[in-house]
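The structure under discussion appears below in the form of structure tokens.
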Amino acid sequence: MTAQTVSTVGKSERPLPTPAASVARMFLDRVQAQPNDEAFRAPVLPSEQWVSSTWKETDTKVRRLAGGLLALGIDLEDRVAIQATTSLDWILADLAIMLAGGATTTVYPSTQPEDVGFILADSDSRLVFAEDASQVAKIAAHRADLAAVQKVIVFDGKGDGDWVMSMEDLGRLGDEYNQANPGGIDERVAKIGPEHLATLIYTSGTTGRPKGVMLTHGNWAYEGASIDALNLIHKEWVHFLWLPLSHSFGKVLLSAQLQVGFVTAVDGRVDRIVDNLAIIKPTFMAAAPRIFEKVYTKIVSTTDAGPGVKAKIFAWAFGVGQKAAALEREGKPVGGALAAQRRVADKLVFTKIRAGLGGNIEYFISGSAALSRPIAEWF
């Protein structure tokens, strides 16, 4: 389904829940509500083995990092940048920033060094989470212009004993802070209100330098509550997240997770999307149109490369499916010979395609640009 055509037919909408005071409060409330339920799932490299963590385990990791941020002096609305590909580490860092009361400044990992320097300076970022040495190098190239940046925390790598520290270094600092200040994090969360800045998302816009879009805790909390009220997504579901978290689309999905409590399987590697669908078996996934085009192209090209009979059966099945779907969109019944043909098409073709996409999909959500009608109808 596309974001433009999603229907609530057969779904009962609920009254809008009262939005939480902050993203930090959303997270802590979810931990309290579902401590032993699975929260996240992520691959461990290079084995590609997927490992799960509960909400309680996630809370432990996030509190270590949040304590480290407080130890480094992060105060309400202080900017802390994340310059990395979508991953579980990205999410943990963002949640830690939320608990510390800071504001996450998002930087795409593909951003050129000149623009990295501009964004970090323009946002007045005090700390930066960087994915690896290549991202650290972009920051270091402009260190002379980044007087506000106290430390760079690297996801994948070691500290240098000076400006760069590892995630474990930050965690150890957090352990010391939390032991000395057992109520420090909760006291900070209590001070965060819906009016406080939560996120700065930089967009290139149409001309000139990147521009920072300011989004408050109230913005994200309302998004989560609104999606919950639609009653389209349920806490038993599994969400596959690959979207860039440097963009609002990905962050909206995190807000929805904190509100509803479903599982998020996260891997930002675009070249692994189709393979991961079969592994994760998600209930829903959101993407930009180009990803649906890639999935369509891969399936069609694989079929076309097979024996001629297979390609003809494939084409026949989708011809039948399109006729049946057209009738359903018009509110007309699918019966007689067409209904029988669709049952055969489903057995020969559609069940195999659904299995390749994990077999459990309830929704594909397309956004950020227009999805072409032929691709939408094919899905």
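The values are calculated or read from the model by the stated rules, or taken from the named source; none is laboratory data. It should be emphasised that the depicted structure is a prediction, and the values quoted were computed from it without experimental measurement. For neighbour counting, all protein chains shown are included, and Cβ atoms are generated from backbone atoms with ideal geometry for every residue, glycine included. Note: areas computed on protein heavy atoms with side chains; ligands, DNA, RNA excluded. Shrake-Rupley method; radii C 1.70, N 1.55, O 1.52, S 1.80 Å.
Can you work out ³J(HN,Hα) from phi for every residue in the stretch 159-166, in order, using Karplus 6.51 cos²θ - 1.76 cosθ + 1.60 and θ = phi - 60°, giving whole Hz and x for Gly and Pro?
Listing the rounded values in order: x, 10, x, 10, 8, 9, 10, 7 Hz.
Hey, got the dipole for the chain? About the Cα centre, +1 on K and R Cβ, -1 on D and E Cβ, debye to the nearest 20? All intermediate terms of the calculation are to be shown ahead of the outcome.
Details: 39 positive and 42 negative charges, 361 e Å.
It comes to approximately 1740 debye.
Could you list, in their original order, any pairs among K281/K347; K312/K352; K310/K352 whose Cα atoms are separated by more than 18 Å?
Numbers: K281/K347 20 Å; K312/K352 16 Å; K310/K352 13 Å.
As for pairs spanning more than 18 Å Cα to Cα, those are K281/K347.
Magnitude of the Cβ-charge dipole of the stretch 121-174, K/R +1 and D/E -1, about the Cα centre, nearest 20 debye? Display every interim value, and only then the final one.
Numbers: 6 positive and 10 negative charges, 23 e Å.
In total the dipole reaches around 120 debye.
Per-residue accessible area for T85 at 1.4 Å probe radius, Å² rounded to 10?
That residue has around 40 Å² of solvent-accessible surface.
Give the long-range amide H neighbours of I153: residues separated by 5 or more places, or on another chain, with amide H under 5 Å away, using H modelled in the peptide plane at 1.01 Å from N.
Here the answer is V128, F129, A130, M165, since their amide H atoms fall under 5 Å of that of I153.
May I ask you to work out the translational diffusion coefficient for the chain at 37 °C, viscosity 0.692 mPa s, via Stokes-Einstein with Rh from the Kirkwood sum over Cα pairs, reported in whole µm²/s?
Details: Rh = 22.4 Å.
Once the numbers are plugged in, D ends up at 147 µm²/s.
Amide H neighbours of Y202 under 5 Å, counting only residues 5+ apart in sequence or on other chains, H built in-plane at 1.01 Å?
Residues meeting the amide H criterion: T106, V213.
Which order do K251, K298 take by accessible area at a 1.4 Å probe, largest first?
Values: K251 10, K298 95 Å².
Reading off the accessible areas and sorting them downward yields K298, K251.
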